[in-house]
Amino acid sequence: MTTAFEPIVLGGRRLVNRVVMAPMTRSRAYGPGAEPTELMATYYAQRAGAGLIVTEGIQPSPVGQGYPDTPGLHTAGQVRAWRTVTDAVHREGGVIFAQLMHTGRIGHPKLLPDGLVPVGPSAVAAKGQVYTHEGPQDFVTPKELSEAEIRQTVDDFAYAARGAVEAGFDGVEIHGANGYLIHQFLASGSNRRTDAWGGGTEGRIRFAVEVVTAVAEAIGGHRVGLRISPGNPFNDMSEDDPGEVYPALLDRLAGLELAYLHLMEGPDRGLTTALRRAWPGTFVLNPFTHPDVTGPDELKLLEDGIADMVAYGALFLANPDLPRRLAAGGPFNTPDPATFYGGDHRGYTDYPALD
Ligand SMILES: Cc1cc2nc3c(=O)[nH]c(=O)nc-3n(C[C@H](O)[C@H](O)[C@H](O)COP(=O)(O)O)c2cc1C
């Protein structure tokens with residue numbers, strides 16, 4: 001029986017345990033350069049006891065930014081600043097992957113440099129609002145990407161991945177979940193294209209396949225993870241056929257020898273076990289626990305062989321020494337949603353560790 005506190009080899013790297021810090025946007029990269037800060041280095045170093053840290057979503061290009069004060073990984077300044085974060089985590093013995101998140105149609109022109117507008121596979125707006133410095137704004141209709149722009153976007157992911165390695169990251173996680181650009185291509189509701197990047201399953205998985213392949217070619221598949229969330233309706237997504245699309249996607253990616261697949265699970269445990277069976281490599285699970293957050297009970301998923309690693313979001317945000325607390329059976333600090341996005345060190349680096 002495997003437990004959370006046994007090491008695992010991931011992409012050739014030995015991780016001390018099977019507890020993953022899930023990616024979490026914290027919107028504290030203040031300033032025009034969208035660079036990570038010393039405070040962010042402290043936050044991640046505090047959490048270096050994770051087997052693997054996955055950072056907050058990081059935009060691979062200016063137009064990929066969908067929220068205020070999220071950091072980028074496309075300028076020399078950003079690469080330099082991330083080095084401070086990765087050095088701090090490595091000094092504490094941690095392993096850290098950068099999550100590359102292009103938000104696509106989720107965003108707003110007010111969040112983007114002059115003249116840029118959110119983009120998507122098709123000119124289909126999401127229903128809902130996004131937070132900006134000028135208050136909540138309705139999502140806009142995105143600009144439909146041309147073939148040339150799609151190719152450029154694939155290149156942007158590969159360029160950011162090279163920057164991540166230069167910045168000292170152990171790898172990158174490609175964000176293919178939660179209604180952002182890659183998910184928008186996968187889903188029938190947001191992808192209405194009739195060219196080779198849309199239509200049936202083969203067309204809709206193509207952008208994800210090309211991004212993952214380009215990133216794996218750029219930095220090596222062993223440094224690449226992919227996050228997916230089949231059927232997740234977040235950000236006004238609708239998918240007719242997740243049971244068909246995701247197995248086809250995994251089939252196309254199986255040969256790349258990626259570091260891991262990260263499933264943000266929905267209510268369908270049957271789909272989870274089917275995807276786990278279809279995936280030849282390491283399987284990271286962020287389990288479906290709605291309305292609760294992932295907690296100590298979910299460690300059982302490792303013992304039952306449902307997953308190789310379990311990813312914790314909110315509980316890791318509030319407990320810098322989460323693996324230690326899980327091993328001890330608690331107690332746990334309670335996450336405070338009021339300080340999730342933006343603000344200062346409060347609700348960020350001041351959650352206490354156990355004595
Ligand atoms: C504050 C916050 C920010 C998040 N930002 C991201 C993100 O940038 N990328 C991502 O893939 N998921 C993001 N998520 C989702 C988490 O990774 C995770 O899937 C979710 O919190 C459910 O896991 P939990 O029950 O352990 O919290 C975020 C969640 C929270 C609470």
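Annotations
- Most positive-pole-ward Cα, Ser238, Ala167, Phe185, against dipole of the chain from beta carbon charges: Ala167
- Probe 1.4 Å, accessible area per residue of the chain, Å²: 39
- Residue-averaged 222 nm ellipticity for the chain, from DSSP H runs of 4+ at -39500 (n - 2.57), nearest 500: -9000 deg cm²/dmol
- Relative contact order of the range 286-355: 26 percent, from C-alpha pairs under 8 Å at least 6 residues apart in sequence.
- Dividing the mean sequence gap of close Cα pairs (under 8 Å, 6+ apart) by how many residues the chain holds gives a relative contact order of 17 percent.
- The range 249-282 and the range 90-108: distance between their alpha carbon centers, rounded to Å: 20
- Beta-bridge orientation, the chain: approximately 20 percent antiparallel, per DSSP, counting only bridges with both partners inside.
- Here the chain has 51 percent of its accessible surface on carbon and sulfur atoms, given a 1.4 Å probe and all protein chains in place.
- Shape index of the chain: Rg/Rh, with Rg the Cα radius of gyration and Rh the Kirkwood radius from the inverse mean 1/r over Cα pairs, equals 0.93.
- The range 309-355-the range 33-75 distance, computed between alpha-carbon centres (Å): 17
- Between the range 180-228 and the range 124-157, the alpha-carbon center distance in angstrom: 16
- Rg in Å to one decimal, and Dmax rounded to a whole Å, for the range 122-263 via C-alpha atoms: 15.3, 46
- Pairs of Cα atoms nearer than 8 Å and 6+ residues apart set the relative contact order; for the range 1-148 it is 21 percent.
- Backbone amide hydrogens, once placed in the peptide plane, bring Ile174 within less than 5 Å of Leu100, Gly225, Leu226, Arg227, excluding anything fewer than 5 places away on its chain.
- The antiparallel fraction among DSSP beta bridges confined to the range 1-131 stands at about 30%.
- Taking the Cα centre of the range 91-150 as reference, the dipole from Cβ charges on Lys and Arg (+1) and Asp and Glu (-1) amounts to some 160 debye.
- Candidate cross-link partners of Lys110 among the lysines, defined by an alpha-carbon separation under 25 Å and a same-chain spacing of 8 or more, comprise Lys127, Lys143.
The values are calculated or read from the model by the stated rules, or taken from the named source; none is laboratory data. Keep in mind the model is a prediction, meaning the values are calculated, not measured. Glycine also receives a Cβ, built like all others from the backbone with ideal geometry; neighbour counts cover every protein chain displayed. Surface areas here come from the heavy atoms of the whole protein model, side chains and all, with no ligands, DNA or RNA. Shrake-Rupley method; radii C 1.70, N 1.55, O 1.52, S 1.80 Å.
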